[in-house]
Amino acid sequence: MEIARAKPHTVVRGTRRLPRHFIENAFWYVVLSLVAVITVFPFIWVFFTSFKGLNDPIFSVPPQLIPRDPTLENYLRVWRLLPVGRFYLNSILVTFGVVILNTLFASLAAYPLAKMQFWGRDTIFYLLLATYIVPPVLTSIPSFILAVKVFHYYDRLQSVIFPYLAGVLSIFLMRQAFKGVPDDLLDAGRMDGASEFRIWWDIVLPVVRPSLATVAIITFVEQWNNFFWPSLMLHTRENMTLQVGLVALQGAFANDARGIAAGVVMTVIPIIIFFSALQQQFVRGLTGAVKG
Amino acid sequence: MAKKSSITPYLFLAPAMIVIAVFFLYPIVAVFYYSFTDYNIVTPPQWIGLKNYQVLMRDAIFWQALSHSLVYLLVTPVLIFLSTILAIVVNRRLPGINAFRALFFIPVISGSIAVGIAWRLMLDTNGIINGLLISLGVLAEPFQWLAEPALTLPIAMLLTIWLGVGYYMMIFLAGLQNISEELYDAALIDGCNGWQKHWHVSIPGLRPQITFVAVISSLAALQVFNEIFTLTGGLGGILNSGVTLVFYLWRQAFRLNHAGMASAIAVVLLVITLIFSITNIRFLERGTQAD
């Protein structure tokens, strides 16, 4: 009975439907693969170039992609000439420092904005909204002067951490998340005599974990790739982050495409690994901001 | 709700508000003040009234930078067009589609500095682009892509588009997945074919995302810097062909130490940004109401 029912079904699919679907799907795979080639090609090319030996030409007709004389020499040369280990260490310190503190400060600030009534709440909210539209470059000139004349942290890592400890977008996203937490939950905590801080930490934060992840991921990508402000602040090579160091490398290795390629690979690899491991969270986090 | 007179809410707000006051609010006020001064960062600012603005109005490079920044806004319609189509394509239920979505997202997270430097290598006279085009018979000899003033902006814009398409695609994809299947079924019954159904259902359904993308991608376009910086090696291109408002601001402030002049450019940028975001939102909202 089972077989008798299944067989005609497959035959119908096989003769009438499958070929059409098959051709249509094949067409879409061709389109998707073409787009994939355009998106991925620069990475593939840089990757292979970074392993090219001196006998592998960078320019040739027809072009040669895969090295015939593969070597690690380009990486070693970059590593010898520049404190790449320090670049990594600095990038990690800055990125993680900012991610942790920015997420913490944002979830602190957003809590009363979402769940309390107090004098000046709307004013503060609209003030934040207004600063959100202001281009970040605008603040760079006064911030530069502050860094040099007031905080005296020019060319030190603090200079690229402090300005990012609060982000308006992070606060908005957390405020949105807190608004979704039912008031009953908070009132239950208040009934038990818990302080607002306890309620925030023990009751509310665990509920909004997905939003904390969103804020952390947005901040992570932003900070890891941050260049404009760090390039203004960090001048000694030992103090540079990866992005600033990469530009220094580009200057120092002017005509050495293999060395520059190795530098690009070293800069991009950590975030691509991170992305591959946490793909869903990354996409949800970075596009999740839209709904906020 | 908590007691109104409590100090608690202010304690929660304090850390973030101190940072925002020092690094956002104060600089916004200060930049207006500096724009009325002659200031080289080393010696104290001298009040000179509107002189910076008057000099700017007669500065050919400023007008060039302004027009470049406005031309750069063309990336917005291209980005919306390409990423909408791509979203519709990756919204199909195909085996392995998630892998493609992830691949298209890689440029978004890689950072414009590393990617810009990679592009610069590829577009070099001795780069792979020339190698490919010569093998294909398109070019007879290597072309200096980055030394051609007419191409500086288009190449930078192409890079911006290449960097952004995957991000906006994901936004549109999320929007598409919120459109009810029933609307598509209704469109099919009304006799729409494949692409017509997208024109009549998907595009109107994506209105909120289109507004959002139009606003954020044009704000990003007005503030472009990294692409120009990497592709021109920090020089702004031959004959200032790649100098945008933000690049000019950066050069005036941090290369030439004209902090006062740069602040005036910053104020102009702020005014343009405000006008632009407001009209953008108004215009696109009116479109929604007309539907």
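The values are calculated or read from the model by the stated rules, or taken from the named source; none is laboratory data. What you see is a predicted model, and the numbers here were worked out from it, not measured in a lab. Methodologically, a virtual Cβ is constructed for each residue, glycine included, from the backbone with ideal geometry; neighbour enumeration extends over all protein chains shown.
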Right, B:Ile109: buried (at least 17 other Cβ atoms within 10 Å of the Cβ), within 14 Å of chain A (Cβ to nearest Cβ) and closer than 30 Å to A:Ile171 by Cα or not?
yes
As an exercise: evaluate A:Ala166 against (1) more than 9 Å from chain B (Cβ to nearest Cβ); (2) buried (at least 23 other Cβ atoms within 10 Å of the Cβ); (3) among the small types (Gly, Ala, Ser) and give the number of the one condition it does not meet.
(1)
Counting just the residues of segment A:52-93 that are closer than 13 Å to A:Asp256 by Cβ, within 13 Å of chain B (Cβ to nearest Cβ) and not in a helix (DSSP H, G or I), which one comes out modelled with the lowest pLDDT?
A:Ile58
Identify all residues within segment A:236-264 that are surrounded by fewer than 20 Cβ atoms within 10 Å (Cβ to Cβ), in contact with a helix residue (DSSP H, G or I) (Cβ under 9 Å, 6 or more places away or on another chain) and assigned to a loop (DSSP other than H, G, I, E, B); write none if there are none.
A:Ala254, A:Asp256
Take B:Gly137 and decide whether it is in contact with an Asp or Glu (Cβ under 6 Å, 6 or more places away or on another chain), within 11 Å of chain A (Cβ to nearest Cβ) and of a type in the set (Gly, Ala, Ser).
no
Which numbered condition trips up A:Val268, out of (1) β-branched (Val, Ile, Thr); (2) surrounded by fewer than 24 Cβ atoms within 10 Å (Cβ to Cβ); (3) modelled with pLDDT of 90 or more?
(2)
Segment B:72-95 residues that are within 12 Å of B:Gln177 (Cα to Cα), paired with ones that are among the β-branched types (Val, Ile, Thr) and part of a helix (DSSP H, G or I) (beta carbon under 7 Å, 6 or more apart)
B:Val90/B:Ile97
Can you spot a residue in segment A:273-284 that is crowded, with 22+ Cβ neighbours inside 10 Å and farther than 22 Å from A:Val160 by Cα?
yes
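Considering A:Ala110, A:Ala106, which residue is outside any loop (DSSP other than H, G, I, E, B), within 8 Å of chain B (Cβ to nearest Cβ) and surrounded by 15 or more Cβ atoms within 10 Å (Cβ to Cβ)?
Result: A:Ala106 is the single residue among A:Ala110, A:Ala106 that is outside any loop (DSSP other than H, G, I, E, B), within 8 Å of chain B (Cβ to nearest Cβ) and surrounded by 15 or more Cβ atoms within 10 Å (Cβ to Cβ).
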Considering only residues that are surrounded by 16 or more Cβ atoms within 10 Å (Cβ to Cβ) and among the small types (Gly, Ala, Ser), which ones fall in segment A:184-208?
A:Gly189, A:Ala194
Selection count, segment A:265-278, where residues are in a helix (DSSP H, G or I), farther than 19 Å from A:Gly85 by Cα and touching a residue at least 24 places away in the same chain (Cβ under 8 Å):
0
For segment B:121-137, give me each residue that is part of a helix (DSSP H, G or I), free of Cβ contacts under 8 Å to residues at least 12 places away in the same chain and not β-branched (Val, Ile, Thr).
B:Leu121, B:Met122, B:Gly131, B:Leu132, B:Leu133, B:Ser135
A:Trp119 is checked against (1) more than 8 Å from chain B (Cβ to nearest Cβ); (2) surrounded by fewer than 23 Cβ atoms within 10 Å (Cβ to Cβ); (3) at pLDDT below 95 and fails just one. What number does that condition carry?
(1)
Read through the list (1) of a type in the set (Gly, Ala, Ser); (2) at pLDDT 95 or above; (3) under 24 Å from the mean Cα position of the chain (by Cα), then give the number of the only condition that B:Ala102 fails.
(2)
With β-branched (Val, Ile, Thr), surrounded by 15 or more Cβ atoms within 10 Å (Cβ to Cβ) and in contact with a Ser or Thr (Cβ under 6 Å, 6 or more places away or on another chain) as the only criterion, which of B:Val31, B:Val115 stands out?
B:Val31
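Being over 30 Å from B:Asn178 (Cβ atoms) and either surrounded by 19 or more Cβ atoms within 10 Å (Cβ to Cβ) or not charged (D, E, K, R) (or both), is that true of even one residue in segment B:205-225?
Checked against the condition, which is being over 30 Å from B:Asn178 (Cβ atoms) and either surrounded by 19 or more Cβ atoms within 10 Å (Cβ to Cβ) or not charged (D, E, K, R) (or both), segment B:205-225 yields at least one hit.
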Got at least one residue in segment B:29-43 being in contact with a Phe, Trp or Tyr (Cβ under 8 Å, 6 or more places away or on another chain), at the interface with chain A (Cβ under 9 Å from one of its Cβ atoms), outside any helix (DSSP H, G or I) and not small (Gly, Ala, Ser)?
yes
The condition of being outside any helix (DSSP H, G or I) and either hydroxyl-bearing (Ser, Thr, Tyr) or crowded, with 16+ Cβ neighbours inside 10 Å (or both) holds, among A:Val148, A:Val181, A:Val160, A:Val137, only for A:Val181
List the number of the failed condition for B:Arg58; all other conditions in (1) free of Cβ contacts under 8 Å to residues at least 12 places away in the same chain; (2) at the interface with another protein chain (Cβ under 8 Å from one of its Cβ atoms) hold.
(2)
Kindly indicate whether any position in segment B:191-199 is more than 16 Å from B:Ile88 (Cα to Cα), within 12 Å of another protein chain (Cβ to nearest Cβ) and not aliphatic (A, V, I, L, M).
no
